[in-house]
Every structure is written in C-alpha cells, then in structure tokens.
1. Show the residue pairs that are 6+ apart or on different chains and have beta-carbon atoms under 7 Å apart, the first residue being within the range 78-104 and closer than 29 Å to G62 by Cα, the second being in a helix (DSSP H, G or I).
2. Quickly run through the range 74-104 and pick out the residues that are under 30 Å from G27 (Cβ atoms) and either among the charged types (D, E, K, R) or loosely packed, with under 10 Cβ neighbours inside 10 Å (or both).
3. Would you check which residues across the range 7-34 are open to solvent by 90 Å² or more (accessible area, probe 1.4 Å), in contact (Cβ under 8 Å) with a residue 12 or more places away in the chain and either among the basic types (K, R) or in a strand (DSSP E or B) (or both) and list them?
4. So in the range 35-46, with the set limited to residues that are open to solvent by less than 40 Å² (accessible area, probe 1.4 Å) and in a loop (DSSP other than H, G, I, E, B), which one is farthest from A72 (Cα to Cα)?
5. Of all residues in the range 66-99, count the ones that are assigned to a loop (DSSP other than H, G, I, E, B), within 11 Å of the chain's Cα centre (by Cα) and aliphatic (A, V, I, L, M).
6. Would you say F8 is at negative phi and out of contact with any Pro (no Cβ under 8 Å at 6 or more places or on another chain)?
7. Conditions: (1) open to solvent by 70 Å² or more (accessible area, probe 1.4 Å); (2) of a type in the set (G, A, S); (3) assigned to a strand (DSSP E or B). A49 meets all but one. Number of the miss?
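The values are calculated or read from the model by the stated rules, or taken from the named source; none is laboratory data. Model, not experiment: these values are computed from the prediction. Neighbour counts run over all protein chains shown; Cβ positions are idealised from the backbone, glycine included. All accessible areas refer to the heavy atoms of the entire protein, side chains included, with ligands and DNA or RNA removed. Shrake-Rupley method; radii C 1.70, N 1.55, O 1.52, S 1.80 Å.
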Amino acid sequence: AGRDLGWFFDAYLRHAQLPRLVARRQGDQLLLHWQTPKNIPFPMPVEVAVNGEVRTVPMAGGRGVVTVPAGAGFTLDPSSKLLRQDDAIDRFRDWTAAQAANGD
C-alpha cells in the first residue's frame with residue numbers, strides 16, 4: 001500500500017476486542033475518538049452523514065471533530081463500512097440468543 005498500516009493489523013488481528021467509536025456532542029461540534037485495547041493507536045477515518053451529507057473525518061491520533069449545526073441530525077458510519085464494537089448490535093445479539101434459548 002506504500003504506507004504503514006501496522007496500526008490496522010494491531011487493532012484487528014492482534015486483539016480480540018474490536019475498536020469502539022465514541023461520539024460526544026459539544027455545542028455545534030461532534031467529538032469523535034476511538035477506544036482500543038491497551039490504547040493502541042487507531043487513526044481509521046470515519047464517515048459521518050450530517051443531514052444526509054456524508055463527510056469523511058480524519059482521525060489523526062484516534063480523534064476527530066466534525067461540525068454538526070444545532071438541530072441537525074447525524075449518522076456515524078452511514079454505509080456500515082467499519083468493523084467496530086457497537087452497543088446496539090451487542091444488545092441485539094444478546095436478545096436473539098435469549099430468544100433462541102427460550103425457544104421463541
């Protein structure tokens with residue numbers, strides 16, 4: 001690839017836990033950061049749709065910022081391209097496992 005991708009392999013091949021994308025709104029800014037096992041570097045860019053307009057947010061140092069005007073909606077990773085830990089998916093997986101265990 002002509003560039004150092006060691007961070008990618010460290011996150012996805014050397015650790016069982018997936019990176020987690022954390023987002024927090026502060027005024028008109030959406031603050032993003034990656035949580036990784038052992039705080040390993042993870043500069044994976046993130047796409048964010050703001051009112052339907054997709055923007056790619058660079059994540060130098062595992063952190064990034066995108067402007068989201070007051071009242072505007074946003075979607076992280078709108079095309080679901082990123083392999084990452086997601087609480088909603090974890091809850092759904094647990095729910096389906098419970099349904100299967102109950103015979104539903």
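1. L83/Y12
2. D77, S79, K81, R84, D86, D87, A88, D90, R91 - these are the residues of the range 74-104 that are under 30 Å from G27 (Cβ atoms) and either among the charged types (D, E, K, R) or loosely packed, with under 10 Cβ neighbours inside 10 Å (or both).
3. Residue satisfying the conditions is R25 alone.
4. In the first step, residues of the range 35-46 are kept if they are open to solvent by less than 40 Å² (accessible area, probe 1.4 Å); the result is 36-37, 40, 42, 44, 46.
Filter again for in a loop (DSSP other than H, G, I, E, B), leaving 36, 40, 42, 44.
Working: T36: 29, I40: 32, F42: 28, M44: 24 Å.
In this case the residue turns out to be I40.
5. Qualifying residue count for the region: 2.
6. For F8, the condition - at negative phi and out of contact with any Pro (no Cβ under 8 Å at 6 or more places or on another chain) - is met.
7. (1)
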